[in-house]
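The structure appears below as C-alpha cells.
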C-alpha cells in the first residue's frame with residue numbers, strides 16, 4: 001500500500017452564509033411588497049366601486065355637488081399616491097442588490113456579525 005497524503009480543503013469566507021440569506025430575504029421581501037401593493041389596489045378599487053354611488057348620492061343631496069366631487073377627487077389622489085409609492089419599489093430593490101454585491105465583494109463582515117474590517121474579502 002502506498003502512503004498517500006490527503007489534502008484537506010477548508011471552507012473559508014462568508015459567501016455561503018451571507019449570500020444565501022440575503023437573497024432569500026430579498027426575494028421574500030419583494031414578494032410581500034408586491035402582494036401588499038396588489039391587494040391595496042384591488043381592495044381599494046373594489047371598495048370605491050361599491051360605495052361610489054351611495055357616497056355620491058349622500059354628498060350630493062346633503063352637502064352639495066362640490067363636496068361630492070372633492071370626495072371623489074380625494075379617492076383618485078389616493079390611487080395616484082399608491083402608484084407613486086409603488087414606482088419606488090424597483091429603486092429600493094436595486095439598492096438592496098447593490099448592497100448585497102458590495103457586501104460580498106468587499107467583504108464587509110462587520111455588517112453580518114463577522115470579524116469586522118476587510119478580513120476574508122475577495123479583494
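Which residue out of 75, 58, 39, 79 is closer than 30 Å to residue 100 by Cα, in a helix (DSSP H, G or I) and not assigned by TED's automatic domain parsing to the domain that holds residue 100? Break it down into steps so the answer makes sense when it comes.
Values: 75 fails: closer than 30 Å to residue 100 by Cα; 58 fails: closer than 30 Å to residue 100 by Cα; 79 fails: closer than 30 Å to residue 100 by Cα.
Result of the check over 75, 58, 39, 79: 39.
Within segment 15-30, which residues are surrounded by 12 or more Cβ atoms within 10 Å (Cβ to Cβ) and modelled with pLDDT of 80 or more?
Result: 23, 25, 26, 29, 30.
The values are calculated or read from the model by the stated rules, or taken from the named source; none is laboratory data. Remember, it's a predicted structure, so these values are computed and weren't measured experimentally. With ideal geometry, Cβ positions are generated from the backbone for all residues, glycine too; neighbour counts draw on all protein chains shown.
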